[in-house]
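The values are calculated or read from the model by the stated rules, or taken from the named source; none is laboratory data. No experiment lies behind these values; they were computed from the predicted model shown. All Cβ positions, even for glycine, are placed from backbone atoms using ideal geometry, and neighbour counts span all protein chains on display.
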Amino acid sequence: MAEVLRTFVVADDELNIRNIVGDMLECFGYTPVLLADGEEALKYFHAECHSDRKPIAIMLDLSMPKGMGGCEAVAEIRKLCKETPVFAITGQINDPVIENPSSFGFNAAICKPFKMKEFADFLNKYL
């Protein structure tokens, strides 16, 4: 029987956030792939799709000043695949993406910082 892929991509420009979210994902049984911006996430996703190893989900920070942000990246990801869950993550509580993530191509959004229980409930709801 083939092993179920549980790769979960996280793109955030803050190394500490990537590491914390990655540690949480490992606790939940996922294999995190931690990337610094949306362009890296897009390249990774494109390569994995062409290798039939699509990640189970992608989490993109909305604001990555030194690279492609989440909204630009999700628009490109949606051109490749509409089914893979893509989540927005931001520290900006008033960002319009938080209020209506589907209007921007995301499945859901979560504000950081979040606690492990909140993150677990979020993932259980959307995956």
Checking the structure you have, find out if any residue of region 90-105 is touching a helix residue (DSSP H, G or I) at 6+ places or on another chain (Cβ under 9 Å), surrounded by 14 or more Cβ atoms within 10 Å (Cβ to Cβ), within 19 Å of THR7 (Cα to Cα) and without any contact (Cβ under 8 Å) to a residue 60 or more places away in the chain. no
Identify the residue in region 80-127 that is modelled with pLDDT of 95 or more and small (Gly, Ala, Ser) and, among all such residues, is nearest to VAL10 (Cα to Cα). ALA88
Step by step: first the residues of region 87-115, then only those that are among the small types (Gly, Ala, Ser) and not in a helix (DSSP H, G or I), then the one that is nearest to LEU127 (Cα to Cα). Which residue is that? ALA108
In region 57-73, residue nearest to PHE122 (Cα to Cα) [restricted to those that are surrounded by fewer than 22 Cβ atoms within 10 Å (Cβ to Cβ) and at pLDDT 95 or above]: ALA57
Residue set LEU35, LEU42, LEU25; condition buried (at least 17 other Cβ atoms within 10 Å of the Cβ) and closer than 19 Å to LYS125 by Cα; output residue LEU25
